[in-house]
1. Which whole-Hz couplings ³J(HN,Hα) result when phi for each residue of segment A:35-52 is put into the Karplus expression 6.51 cos²θ - 1.76 cosθ + 1.60, θ = phi - 60°, listed in order with x for Gly and Pro?
2. List the GluC sites (Glu not before Pro) in segment C:50-103 that DSSP assigns to loop (not H, G, I, E or B) and whose Cβ has at most 13 other Cβ atoms within 10 Å. Which are they?
3. Keeping all protein chains in place and using 1.4 angstrom, which order do B:Ser76, C:Ser91 fall into by accessible surface area, from largest down?
4. Report the rotationally averaged projected area of segment C:35-103 based on its alpha-carbon convex hull, in square nanometres.
5. May I ask you to give the percent of accessible area on segment B:2-89 that is carbon plus sulfur, with a probe radius of 1.4 Å?
6. Ignoring ligands, DNA and RNA, what accessible area per residue does segment C:2-101 give at 1.4 Å, in Å²?
7. Take every Cα-Cα distance within the protein assembly as shown, group them into 10 Å bins from 0 onward, and report for each bin the whole-number percent of pairs it holds.
8. Take the alpha carbon atoms of segment C:1-59, find their center, do the same for segment A:1-73, and report the distance between the two centers in whole angstrom.
Amino acid sequence: MFAIVYITTSGVEESEKIGEILVRERLAGCVNIIPSIKSFYWWDDEIEEDEESILIVKTIEENVKEIIKRVKALHSYENPCIIHLPIKGGSEDYLKWLLGEIR
Amino acid sequence: MFAIVYITTSGVEESEKIGEILVRERLAGCVNIIPSIKSFYWWDDEIEEDEESILIVKTIEENVKEIIKRVKALHSYENPCIIHLPIKGGSEDYLKWLLGEIR
Amino acid sequence: MFAIVYITTSGVEESEKIGEILVRERLAGCVNIIPSIKSFYWWDDEIEEDEESILIVKTIEENVKEIIKRVKALHSYENPCIIHLPIKGGSEDYLKWLLGEIR
(Lines give C-alpha, C1' and ligand atoms only; values in the text may rest on other atoms or scores of the structure.)
Protein backbone atom coordinates (compact mmCIF):
# COMPACT_ATOMS: atom_id res chain seq x y z
CA MET A 1 0.00 0.00 0.00
CA PHE A 2 2.45 2.71 1.15
CA ALA A 3 6.06 3.16 0.07
CA ILE A 4 9.24 5.15 0.63
CA VAL A 5 11.28 6.09 -2.44
CA TYR A 6 14.95 6.73 -1.47
CA ILE A 7 16.82 8.96 -3.94
CA THR A 8 20.32 10.47 -3.86
CA THR A 9 20.97 13.76 -5.63
CA SER A 10 23.91 16.06 -6.36
CA GLY A 11 23.05 18.31 -3.40
CA VAL A 12 20.36 19.95 -1.30
CA GLU A 13 19.22 22.29 -4.14
CA GLU A 14 18.51 19.35 -6.44
CA SER A 15 16.74 17.45 -3.63
CA GLU A 16 14.59 20.54 -3.01
CA LYS A 17 13.82 21.01 -6.73
CA ILE A 18 12.79 17.39 -7.31
CA GLY A 19 11.09 16.97 -3.92
CA GLU A 20 8.96 20.08 -4.33
CA ILE A 21 7.83 19.00 -7.84
CA LEU A 22 6.84 15.49 -6.62
CA VAL A 23 4.72 17.07 -3.86
CA ARG A 24 3.31 19.79 -6.13
CA GLU A 25 2.26 17.17 -8.71
CA ARG A 26 0.79 15.09 -5.83
CA LEU A 27 2.86 12.05 -6.69
CA ALA A 28 3.96 12.19 -3.04
CA GLY A 29 2.33 13.54 0.11
CA CYS A 30 5.54 14.59 1.82
CA VAL A 31 9.30 14.52 1.26
CA ASN A 32 12.20 14.72 3.73
CA ILE A 33 15.63 15.95 2.63
CA ILE A 34 18.91 15.08 4.36
CA PRO A 35 20.95 18.01 3.06
CA SER A 36 24.51 16.77 3.09
CA ILE A 37 25.96 13.26 2.90
CA LYS A 38 29.09 11.56 1.56
CA SER A 39 29.05 8.71 -0.97
CA PHE A 40 31.58 6.18 -2.28
CA TYR A 41 30.94 4.25 -5.48
CA TRP A 42 32.78 2.78 -8.51
CA TRP A 43 32.91 4.99 -11.63
CA ASP A 44 35.08 4.23 -14.70
CA ASP A 45 37.07 1.65 -12.69
CA GLU A 46 37.89 4.09 -9.89
CA ILE A 47 36.29 4.67 -6.51
CA GLU A 48 34.60 8.08 -6.47
CA GLU A 49 34.08 10.03 -3.24
CA ASP A 50 31.22 12.53 -3.61
CA GLU A 51 29.12 15.05 -1.70
CA GLU A 52 25.41 14.27 -2.21
CA SER A 53 22.00 14.68 -0.59
CA ILE A 54 19.24 12.16 0.24
CA LEU A 55 15.61 12.71 -0.78
CA ILE A 56 13.10 10.50 1.08
CA VAL A 57 9.70 10.44 -0.66
CA LYS A 58 6.56 9.16 1.12
CA THR A 59 3.92 7.86 -1.26
CA ILE A 60 1.76 4.88 -2.28
CA GLU A 61 3.06 1.84 -4.15
CA GLU A 62 0.90 2.64 -7.21
CA ASN A 63 2.92 5.87 -7.72
CA VAL A 64 6.43 4.36 -7.52
CA LYS A 65 6.72 3.69 -11.29
CA GLU A 66 5.59 7.22 -12.19
CA ILE A 67 7.94 8.72 -9.57
CA ILE A 68 10.90 6.79 -11.03
CA LYS A 69 10.02 8.10 -14.53
CA ARG A 70 9.58 11.70 -13.27
CA VAL A 71 12.81 11.70 -11.21
CA LYS A 72 14.85 10.33 -14.12
CA ALA A 73 13.49 13.15 -16.32
CA LEU A 74 14.30 15.84 -13.72
CA HIS A 75 17.61 14.52 -12.32
CA SER A 76 21.05 15.83 -13.32
CA TYR A 77 22.53 12.28 -13.30
CA GLU A 78 22.15 9.88 -16.20
CA ASN A 79 21.41 6.96 -13.88
CA PRO A 80 20.38 8.19 -10.39
CA CYS A 81 19.88 5.97 -7.31
CA ILE A 82 16.09 5.53 -6.96
CA ILE A 83 15.13 2.72 -4.55
CA HIS A 84 11.68 1.58 -3.32
CA LEU A 85 11.56 0.62 0.39
CA PRO A 86 8.41 -1.08 1.74
CA ILE A 87 6.34 0.57 4.49
CA LYS A 88 4.77 -2.08 6.75
CA GLY A 89 2.41 0.20 8.71
CA GLY A 90 2.37 3.21 10.98
CA SER A 91 0.08 5.80 12.51
CA GLU A 92 -3.34 5.32 10.87
CA ASP A 93 -4.09 9.02 11.16
CA TYR A 94 -0.85 9.89 9.37
CA LEU A 95 -1.26 7.30 6.60
CA LYS A 96 -4.86 8.51 6.07
CA TRP A 97 -3.57 12.09 5.73
CA LEU A 98 -0.82 10.93 3.29
CA LEU A 99 -3.40 9.15 1.13
CA GLY A 100 -5.55 12.28 1.07
CA GLU A 101 -2.70 14.41 -0.30
CA ILE A 102 -1.81 12.04 -3.18
CA ARG A 103 -3.47 11.86 -6.63
CA MET B 1 10.29 -9.75 14.60
CA PHE B 2 12.32 -6.53 14.56
CA ALA B 3 11.22 -3.13 13.27
CA ILE B 4 12.32 0.44 12.60
CA VAL B 5 9.88 3.22 13.43
CA TYR B 6 10.65 6.35 11.36
CA ILE B 7 9.35 9.59 12.91
CA THR B 8 9.77 13.25 11.93
CA THR B 9 9.72 15.94 14.62
CA SER B 10 9.86 19.72 14.85
CA GLY B 11 13.60 19.65 15.56
CA VAL B 12 16.50 17.95 17.32
CA GLU B 13 15.26 18.87 20.83
CA GLU B 14 11.92 17.15 20.23
CA SER B 15 13.65 14.10 18.69
CA GLU B 16 15.89 13.90 21.79
CA LYS B 17 12.94 14.29 24.20
CA ILE B 18 10.82 11.59 22.54
CA GLY B 19 13.76 9.30 21.72
CA GLU B 20 15.11 9.34 25.26
CA ILE B 21 11.65 8.52 26.71
CA LEU B 22 11.15 5.57 24.32
CA VAL B 23 14.52 4.15 25.40
CA ARG B 24 13.98 4.93 29.11
CA GLU B 25 10.59 3.16 29.03
CA ARG B 26 12.28 0.26 27.16
CA LEU B 27 9.86 0.47 24.24
CA ALA B 28 13.02 0.70 22.09
CA GLY B 29 16.59 -0.51 22.58
CA CYS B 30 18.23 2.34 20.70
CA VAL B 31 17.32 5.47 18.76
CA ASN B 32 19.26 7.45 16.15
CA ILE B 33 18.53 11.15 15.52
CA ILE B 34 19.29 12.99 12.28
CA PRO B 35 19.33 16.51 13.70
CA SER B 36 18.41 18.73 10.81
CA ILE B 37 16.43 18.02 7.64
CA LYS B 38 14.12 19.90 5.26
CA SER B 39 10.56 18.83 4.44
CA PHE B 40 7.97 19.76 1.82
CA TYR B 41 4.29 18.83 2.26
CA TRP B 42 0.78 20.12 1.54
CA TRP B 43 -0.92 22.05 4.36
CA ASP B 44 -4.17 24.01 3.96
CA ASP B 45 -3.85 23.81 0.16
CA GLU B 46 -0.34 25.28 0.14
CA ILE B 47 3.06 23.62 -0.05
CA GLU B 48 4.88 24.08 3.26
CA GLU B 49 8.68 24.09 3.48
CA ASP B 50 9.85 23.20 7.00
CA GLU B 51 12.93 22.48 9.11
CA GLU B 52 12.48 19.14 10.91
CA SER B 53 14.46 16.26 12.43
CA ILE B 54 14.27 12.48 11.89
CA LEU B 55 14.02 10.02 14.81
CA ILE B 56 14.86 6.41 13.89
CA VAL B 57 13.65 3.96 16.56
CA LYS B 58 14.94 0.35 16.68
CA THR B 59 12.52 -2.04 18.34
CA ILE B 60 10.43 -5.22 17.97
CA GLU B 61 7.21 -5.46 15.96
CA GLU B 62 5.15 -6.16 19.09
CA ASN B 63 6.02 -2.66 20.41
CA VAL B 64 5.11 -0.66 17.28
CA LYS B 65 1.48 -0.03 18.29
CA GLU B 66 2.48 1.16 21.79
CA ILE B 67 5.23 3.36 20.33
CA ILE B 68 2.73 5.02 17.94
CA LYS B 69 0.39 5.71 20.90
CA ARG B 70 3.24 7.06 23.08
CA VAL B 71 4.71 9.27 20.33
CA LYS B 72 1.31 10.77 19.50
CA ALA B 73 0.87 11.64 23.21
CA LEU B 74 4.33 13.24 23.44
CA HIS B 75 4.59 14.95 20.03
CA SER B 76 3.97 18.67 19.39
CA TYR B 77 2.17 17.92 16.10
CA GLU B 78 -1.47 16.89 15.94
CA ASN B 79 -0.76 14.23 13.31
CA PRO B 80 2.98 13.36 13.20
CA CYS B 81 4.66 11.14 10.60
CA ILE B 82 5.15 7.74 12.30
CA ILE B 83 6.02 4.93 9.83
CA HIS B 84 6.92 1.26 10.47
CA LEU B 85 9.72 -0.10 8.24
CA PRO B 86 10.43 -3.86 8.27
CA ILE B 87 13.84 -5.19 9.38
CA LYS B 88 14.73 -8.37 7.44
CA GLY B 89 17.76 -9.44 9.50
CA GLY B 90 21.19 -8.28 10.59
CA SER B 91 23.98 -9.04 13.02
CA GLU B 92 22.67 -11.76 15.36
CA ASP B 93 24.75 -10.40 18.24
CA TYR B 94 23.27 -6.93 17.76
CA LEU B 95 19.66 -8.14 17.43
CA LYS B 96 20.13 -10.31 20.56
CA TRP B 97 21.41 -7.25 22.46
CA LEU B 98 18.45 -5.16 21.15
CA LEU B 99 15.98 -7.77 22.35
CA GLY B 100 17.62 -7.81 25.79
CA GLU B 101 17.14 -4.05 26.23
CA ILE B 102 13.41 -4.05 25.36
CA ARG B 103 10.49 -4.80 27.70
CA MET C 1 17.39 -9.64 -4.47
CA PHE C 2 18.66 -6.20 -3.38
CA ALA C 3 19.27 -4.98 0.16
CA ILE C 4 20.25 -2.02 2.29
CA VAL C 5 22.56 -2.66 5.23
CA TYR C 6 22.13 0.09 7.87
CA ILE C 7 25.17 0.50 10.16
CA THR C 8 26.00 3.03 12.89
CA THR C 9 29.63 3.92 13.59
CA SER C 10 31.60 6.07 16.03
CA GLY C 11 31.81 8.92 13.52
CA VAL C 12 32.24 10.00 9.90
CA GLU C 13 35.88 8.79 9.70
CA GLU C 14 34.87 5.26 10.69
CA SER C 15 31.90 5.31 8.27
CA GLU C 16 34.28 6.41 5.49
CA LYS C 17 36.88 3.74 6.37
CA ILE C 18 34.38 0.87 6.45
CA GLY C 19 32.27 2.17 3.54
CA GLU C 20 35.26 2.59 1.24
CA ILE C 21 36.50 -0.96 2.02
CA LEU C 22 33.04 -2.51 1.32
CA VAL C 23 32.97 -0.76 -2.07
CA ARG C 24 36.64 -1.51 -2.86
CA GLU C 25 36.10 -5.22 -2.11
CA ARG C 26 32.90 -5.06 -4.25
CA LEU C 27 30.70 -6.33 -1.43
CA ALA C 28 28.60 -3.20 -2.12
CA GLY C 29 28.09 -1.06 -5.20
CA CYS C 30 27.62 2.21 -3.36
CA VAL C 31 27.50 3.57 0.19
CA ASN C 32 25.95 6.75 1.59
CA ILE C 33 27.23 8.30 4.83
CA ILE C 34 25.20 10.57 7.11
CA PRO C 35 28.09 12.24 8.89
CA SER C 36 26.73 13.28 12.23
CA ILE C 37 23.80 11.91 14.27
CA LYS C 38 22.86 11.55 17.94
CA SER C 39 22.00 8.24 19.60
CA PHE C 40 20.43 7.13 22.89
CA TYR C 41 20.75 3.56 24.14
CA TRP C 42 21.09 1.52 27.37
CA TRP C 43 24.66 0.62 28.42
CA ASP C 44 25.56 -0.88 31.81
CA ASP C 45 22.12 0.04 33.18
CA GLU C 46 22.42 3.70 32.20
CA ILE C 47 21.13 5.61 29.18
CA GLU C 48 24.05 6.68 27.01
CA GLU C 49 23.87 9.75 24.75
CA ASP C 50 26.40 9.50 21.91
CA GLU C 51 27.57 11.21 18.71
CA GLU C 52 27.62 8.67 15.86
CA SER C 53 27.37 8.41 12.07
CA ILE C 54 25.12 6.29 9.80
CA LEU C 55 26.56 4.16 6.95
CA ILE C 56 23.95 3.05 4.38
CA VAL C 57 25.24 0.19 2.20
CA LYS C 58 23.50 -0.75 -1.07
CA THR C 59 24.08 -4.36 -2.08
CA ILE C 60 22.46 -7.73 -2.91
CA GLU C 61 20.93 -10.06 -0.34
CA GLU C 62 23.55 -12.76 -1.04
CA ASN C 63 26.27 -10.40 0.30
CA VAL C 64 24.56 -9.42 3.58
CA LYS C 65 26.13 -12.24 5.65
CA GLU C 66 29.64 -11.47 4.35
CA ILE C 67 29.13 -7.73 4.94
CA ILE C 68 28.09 -8.38 8.56
CA LYS C 69 31.24 -10.49 9.08
CA ARG C 70 33.50 -7.88 7.42
CA VAL C 71 31.99 -4.93 9.32
CA LYS C 72 32.32 -6.71 12.67
CA ALA C 73 36.02 -7.34 11.90
CA LEU C 74 36.62 -3.68 10.90
CA HIS C 75 34.41 -1.88 13.46
CA SER C 76 35.68 -0.22 16.66
CA TYR C 77 32.64 -1.44 18.63
CA GLU C 78 32.38 -4.93 20.07
CA ASN C 79 28.75 -5.27 18.98
CA PRO C 80 27.87 -2.68 16.29
CA CYS C 81 24.36 -2.00 14.94
CA ILE C 82 24.19 -3.80 11.55
CA ILE C 83 20.61 -4.12 10.22
CA HIS C 84 19.34 -5.53 6.88
CA LEU C 85 16.45 -3.55 5.32
CA PRO C 86 14.62 -5.04 2.32
CA ILE C 87 14.61 -3.21 -1.04
CA LYS C 88 11.32 -3.85 -2.89
CA GLY C 89 12.31 -2.38 -6.27
CA GLY C 90 13.44 0.82 -7.91
CA SER C 91 14.93 2.21 -11.11
CA GLU C 92 15.79 -0.82 -13.27
CA ASP C 93 18.75 1.05 -14.81
CA TYR C 94 20.12 1.84 -11.34
CA LEU C 95 19.65 -1.68 -9.95
CA LYS C 96 21.31 -3.11 -13.11
CA TRP C 97 24.28 -0.79 -12.57
CA LEU C 98 24.44 -1.78 -8.86
CA LEU C 99 24.52 -5.49 -9.77
CA GLY C 100 27.31 -4.83 -12.26
CA GLU C 101 29.53 -3.25 -9.60
CA ILE C 102 29.16 -6.12 -7.07
CA ARG C 103 31.15 -9.37 -6.94
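The values are calculated or read from the model by the stated rules, or taken from the named source; none is laboratory data. Please read all numbers here as calculations on a predicted model, not as lab measurements. Virtual Cβ from ideal backbone geometry, glycine too; neighbours counted across all protein chains shown. Heavy atoms of the whole protein, side chains included, go into the accessibility calculation; ligands, DNA and RNA do not. Shrake-Rupley method; radii C 1.70, N 1.55, O 1.52, S 1.80 Å.
1. x, 9, 10, 10, 9, 10, 6, 6, 8, 6, 6, 9, 7, 8, 10, 9, 8, 9
2. Numbers: sites: C:Glu51, C:Glu52, C:Glu61, C:Glu62, C:Glu66, C:Glu78, C:Glu92, C:Glu101; in loops: C:Glu78.
Passing sites in segment C:50-103 are C:Glu78.
3. On the way: B:Ser76 80, C:Ser91 0 Å².
Accessible-area ranking of B:Ser76, C:Ser91, largest first: B:Ser76, C:Ser91.
4. Values: hull surface 25.3 nm².
Over every viewing direction, the Cα hull of segment C:35-103 projects on average to 6.3 nm².
5. Whole-percent figure for carbon plus sulfur exposure: 47.
6. On the way: 4100 Å² over 100 residues.
Per residue, segment C:2-101 has 41 Å² of solvent-accessible surface.
7. 6, 29, 38, 22, 4, 0
8. First find each Cα centre; the distance between them is then 20 Å.
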